[in-house]
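Here is the structure we will look at, set down as structure tokens.
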Amino acid sequence: MRSDLRYVKGQIMLEMLIIVSFLLLILIPTVIYILSVLSTESWKTDSNQAYSTLTKIVSVSNKLSMLGNGSSSTETMFLPSSVQRLNTSSDGREIYIVLNGPKSMRMEVVVPSNVPIQLNSSHDWSNVRGAQSFIFLVQNGVVIISKLY
């Protein structure tokens, strides 16, 4: 009688082991797939946020340049967590953000500007993330952007 009971317990444990193994066989690849999709979607969200921020910077710059030299404004903007660097082109007619993407990829989000934009060279424009306050100042037809500390 006791040997039959041990046999039944062993059989139940073996069946449970098979069921759990089968569930893990399905669950692990599903979790890996979901994490990879979420990583890609996060990168898309960051690039959209970066584009929105750059568009706002260009819009504020255009409005201030119409007011003339000496006009200034302070604006708070949000930059995504994957920002590596904020920069402008050599002629100041484009402003761009370099984003760190998945698998060590990098992406540039570029927005053209009607007025020359220059970043204050005394500030560090790498790893600018989160809510940032910027000071916009028009000097000699160029909009100079500084960080507010």
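The values are calculated or read from the model by the stated rules, or taken from the named source; none is laboratory data. Remember, predicted model here, so these are calculated numbers, not experimental data. We place every Cβ from the backbone using ideal geometry, glycine too, and count neighbours over all the protein chains shown.
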### Message
When you scan the stretch 39-55, do you find a residue that is more than 17 Å from the chain's Cα centre (by Cα) and either assigned to a strand (DSSP E or B) or not polar (S, T, N, Q) (or both), even just one?
### Response
no
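Check SER36, SER71 and return the single one that is under 20 Å from LEU148 (Cα atoms), out of contact with any Ser or Thr (no Cβ under 7 Å at 6 or more places or on another chain) and not β-branched (Val, Ile, Thr). Spell out the reasoning first.
On the way: SER36 fails: under 20 Å from LEU148 (Cα atoms).
Exactly one of SER36, SER71 is under 20 Å from LEU148 (Cα atoms), out of contact with any Ser or Thr (no Cβ under 7 Å at 6 or more places or on another chain) and not β-branched (Val, Ile, Thr), namely SER71.
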### Query
Given (1) free of Cβ contacts under 8 Å to residues at least 60 places away in the same chain; (2) of a type in the set (S, T, N, Q); (3) surrounded by 10 or more Cβ atoms within 10 Å (Cβ to Cβ), where does THR40 come up short, assuming only one miss?
(1)
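Could you please let me know if SER52 is under 30 Å from SER36 (Cβ atoms) and without any contact (Cβ under 8 Å) to a residue 12 or more places away in the chain? Give the steps one after another, and end with the answer.
On the way: under 30 Å from SER36 (Cβ atoms): yes; without any contact (Cβ under 8 Å) to a residue 12 or more places away in the chain: yes.
Taking the combined requirement at face value, the residue satisfies it.
Could you identify the single residue in LYS56, LYS44 that is basic (Lys, Arg) and modelled with pLDDT of 95 or more? I'd like the intermediate steps shown before the answer.
Details: LYS44 fails: modelled with pLDDT of 95 or more.
Testing whether each residue is basic (Lys, Arg) and modelled with pLDDT of 95 or more leaves just LYS56.
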### Task
Within the stretch 60-95, track down each residue that is closer than 20 Å to PRO112 by Cα, surrounded by 14 or more Cβ atoms within 10 Å (Cβ to Cβ) and among the small types (Gly, Ala, Ser).
SER61, SER65, SER89, GLY92
### Message
Just checking, does the stretch 10-27 include any residue being of a type outside the set (A, V, I, L, M) and within 22 Å of GLY101 (Cα to Cα)?
### Response
no
